[in-house]
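Below is one structure, written out as structure tokens; the observations come after it.
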Amino acid sequence: MAAFTLAASSGHWFSALALGVTLLKCLLIPTYHSTDFEVHRNWLAITHSLPVSQWYYEATSEWTLDYPPFFAWFEFALSHIAKYFDQEMLNIHNLNYCSSKTLLFQRFSVILTDALFVYAVHECCKCIDGKKASKELTEKPKFVLSVLLLWNFGLLIVDHIHFQYNGFLSALMLLSIARLFQKRHLEGAFLFAVLLHFKHIYLYIAPAYGIYLLRSYCFTANKPDGSVRWNSFSFVRVTSLGLIVFLVSALSLGPFIVLKQLPQVFSRLFPFKRGLCHAYWAPNFWALYNALDKALSVIGLELKLLDPNQIPRASMTSGLVQQFQHTVLPSVSPLATLICTLIAILPSVFCLWFKPQGPRGFLRCLVLCALSSFMFGWHVHEKAILLAILPMSLLSVEKAGDATIFLLLSTTGHYSLFPLLFTAPELPIKILLMLLFTVYSISSLKTLFRKEKPLFNWMETVYLFGLLPLEVCCEFLFPLSPWTLKYPFIPLLLTSVYCAVGITYAWTKLYVSVLTGCLVGKTKKQ
């Protein structure tokens, strides 16, 4: 505490926060790691041992390369450092290889690349409105935002226990957002284009970028009523943006176009045969849809309205990643999820066009695009909720309403990640880290907006407290019950459905806020 006080008084509080979380990440090195650890080790081996022409065809391991080319080149670069640690990790045939040196290398590769995330957070803090700045350091919006991002619970457990590189990728997203706030539009567009070729999941938020840059950068002036002045369109600016997208895409996909392998690359990036839901249902609309179908099928069997011989044996709660048919409700196709997603994001995109509201309007649209894609997308991973939580952090320190939405979204979304860490030694770690982050988030934002109305109403408070008995039931009581062997999926189902309710509520609440602001703005102009 004394060290932190000294750092604060000397103005080095940000460095202290960054150093502190880095030390915590180092302490997490020996913890459990998921199959994603082997995924990335295998990608190191593929990119190091094989020519480019074989990267997207290699299938010795089930964990084939399914990220865009820039990430493949990232693994290629890492592999040339990895060879100095343990050459055996780069052998394609060494499946599930994990020596102590391999573990240290992969863990530290995540920790060190997080340096970009620290820089991105620092840049984002410059974009925060300082009107609510307090004399107390811990009550300053920039300090609160720094903690919410640097010490984000989701990133800590997904990257530094479960194992992935989300911090590095999120850094590109946050840095791109910061550049748009700073009116460095071409830099922001460049960073986002690069990000898309690192991980294509960020296509979720591409509509927000496209519309914002077209409306607020390519059109240089508005009419007095705020509508677009069509004759202000800048051909030079749109050409500059197009050139950036073209050059980045050419650098990424060009080699595979020359090799005539683009269809193979896309087949790896978009594997629609994997099914509607991941092995663990992401807490979205389809989780509620699946649960309703399951409930209706059980009721139908009890009332003898359904023939048990005609019900598919492949249960949607079996934990398998596969295609399946719903029992009672209509089965969902990839096209249906795409249509639902487009319908869900359209209102936010229209608001961004007709009532831009500057970078903050763009940021709200971005969060809505991320959440809408999470809610209705095909084969959504539970970790994708971080795409909405992280940018929502920036809004949470400026308006009380946004703080409420952030707290509901982050608390529910973070808890939905608990099933990723299912080993006993990690149980106290995830509970403690979750509690620390949640308590800090709520207390700091309540302090920041203490002069305004309470952040939560009674219903929201009851819902959030409901996570406590849910955790006790899933982690402590259910394993001791006689249902464990017969219904092993129950804890996952309960977690997914309960969290889906909270995330759906947060998504709806944010949408109401954005649409209301859009309509009020139009009314005032009239």
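The values are calculated or read from the model by the stated rules, or taken from the named source; none is laboratory data. Here the structure is a predicted model, which is why all the values come from computation and not from measurement. As a convention, Cβ positions derive from the backbone with ideal geometry for all residues, glycine included, and neighbour counts pool all protein chains shown. Side chains included, ligands, DNA and RNA excluded: accessible areas come from the protein's heavy atoms. Shrake-Rupley method; radii C 1.70, N 1.55, O 1.52, S 1.80 Å.
Computed quantities for the displayed model
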{"item": "Residue match in the range 280-295 (condition: out of contact with any helix residue (DSSP H, G or I) (no Cβ under 7 Å at 6 or more places or on another chain), farther than 22 Å from HIS381 by Cβ, surrounded by 15 or more Cβ atoms within 10 Å (Cβ to Cβ) and not basic (Lys, Arg))", "result": "no"}
{"item": "Criterion (under 19 Å from ALA171 (Cβ atoms), open to solvent by 20 Å² or more (accessible area, probe 1.4 Å) and either in contact with a His (Cβ under 7 Å, 6 or more places away or on another chain) or in contact (Cβ under 8 Å) with a residue 12 or more places away in the chain (or both)) met by exactly one of TYR57, TYR119", "result": "TYR119"}
{"item": "Condition met for LEU477 (loosely packed, with under 13 Cβ neighbours inside 10 Å and farther than 30 Å from LEU352 by Cα)", "result": "yes"}
{"item": "Neighbours by Cβ (under 7 Å, 6+ apart or cross-chain): first from the range 7-26, more than 22 Å from GLU136 (Cβ to Cβ); second hydrophobic (A, V, I, L, M, F, W, C) and modelled with pLDDT of 95 or more", "result": "THR22/ILE111; LYS25/ILE111; CYS26/ILE111"}
{"item": "Residue count for the range 161-197, restricted to those that are surrounded by 23 or more Cβ atoms within 10 Å (Cβ to Cβ), more than 27 Å from LEU433 (Cα to Cα) and touching a residue at least 60 places away in the same chain (Cβ under 8 Å)", "result": "2"}
{"item": "Lone qualifier among SER216, SER234 - being at pLDDT below 95, within 27 Å of the chain's Cα centre (by Cα) and of a type in the set (S, T, N, Q)", "result": "SER216"}
{"item": "Failed condition for THR508, given (1) closer than 30 Å to LYS355 by Cβ; (2) surrounded by 15 or more Cβ atoms within 10 Å (Cβ to Cβ)", "result": "(2)"}
{"item": "Residue identified as aliphatic (A, V, I, L, M), within 16 Å of TRP378 (Cβ to Cβ) and either modelled with pLDDT under 90 or in contact with a strand residue (DSSP E or B) (Cβ under 9 Å, 6 or more places away or on another chain) (or both) among VAL328, VAL332", "result": "VAL332"}
{"item": "Residue ID - nearest to LEU445 (Cα to Cα), chosen from residues in the range 360-396 that are surrounded by 24 or more Cβ atoms within 10 Å (Cβ to Cβ) and modelled with pLDDT under 95", "result": "GLU382"}
{"item": "Residue list for the range 375-422, restricted to those being among the basic types (Lys, Arg) and in a helix (DSSP H, G or I)", "result": "LYS383"}
{"item": "Criterion violated by VAL514 - all others in (1) touching a residue at least 40 places away in the same chain (Cβ under 8 Å); (2) over 25 Å from ASN290 (Cβ atoms); (3) outside any loop (DSSP other than H, G, I, E, B); (4) open to solvent by 70 Å² or more (accessible area, probe 1.4 Å) satisfied", "result": "(4)"}
{"item": "Qualifying residue in the range 498-507 (condition: in contact with a Pro (Cβ under 6 Å, 6 or more places away or on another chain) and modelled with pLDDT under 95)", "result": "no"}
{"item": "Only listed residue being modelled with pLDDT of 95 or more and within 21 Å of the chain's Cα centre (by Cα), chosen from LEU432, LEU408", "result": "LEU408"}
{"item": "Hits in the range 437-464 (condition: open to solvent by 50 Å² or more (accessible area, probe 1.4 Å), within 26 Å of the chain's Cα centre (by Cα) and touching a residue at least 12 places away in the same chain (Cβ under 8 Å))", "result": "TYR440"}
{"item": "Residues satisfying the stated conditions in the range 82-121, i.e. of a type in the set (Lys, Arg) and within 19 Å of THR31 (Cβ to Cβ)", "result": "LYS101, ARG107"}
{"item": "Selection within the range 222-253 - farther than 29 Å from PHE70 by Cβ, open to solvent by less than 40 Å² (accessible area, probe 1.4 Å) and among the hydrophobic types (A, V, I, L, M, F, W, C)", "result": "VAL228"}
{"item": "The listed residue being more than 28 Å from LYS399 (Cβ to Cβ) and open to solvent by less than 20 Å² (accessible area, probe 1.4 Å), out of THR495, THR484, THR423", "result": "THR495"}
{"item": "So VAL158, is it among the aliphatic types (A, V, I, L, M), surrounded by fewer than 20 Cβ atoms within 10 Å (Cβ to Cβ) and assigned to a helix (DSSP H, G or I)", "result": "no"}
{"item": "Qualifying position, being farther than 30 Å from SER61 by Cβ, in contact (Cβ under 8 Å) with a residue 60 or more places away in the chain and open to solvent by less than 40 Å² (accessible area, probe 1.4 Å), among TYR212, TYR202, TYR217", "result": "TYR212"}
{"item": "In the range 345-355, the residues that are surrounded by fewer than 21 Cβ atoms within 10 Å (Cβ to Cβ) and not basic (Lys, Arg)", "result": "LEU346, PRO347, VAL349, PHE350, TRP353, PHE354"}
{"item": "Selection count, the range 67-105, where residues are aromatic (Phe, Trp, Tyr) and open to solvent by 80 Å² or more (accessible area, probe 1.4 Å)", "result": "3"}
{"item": "Neighbours by Cβ (under 6 Å, 6+ apart or cross-chain): first from the range 396-424, under 28 Å from THR31 (Cβ atoms); second open to solvent by 10 Å² or more (accessible area, probe 1.4 Å) and assigned to a loop (DSSP other than H, G, I, E, B)", "result": "PRO419/TYR280; THR423/TYR32"}
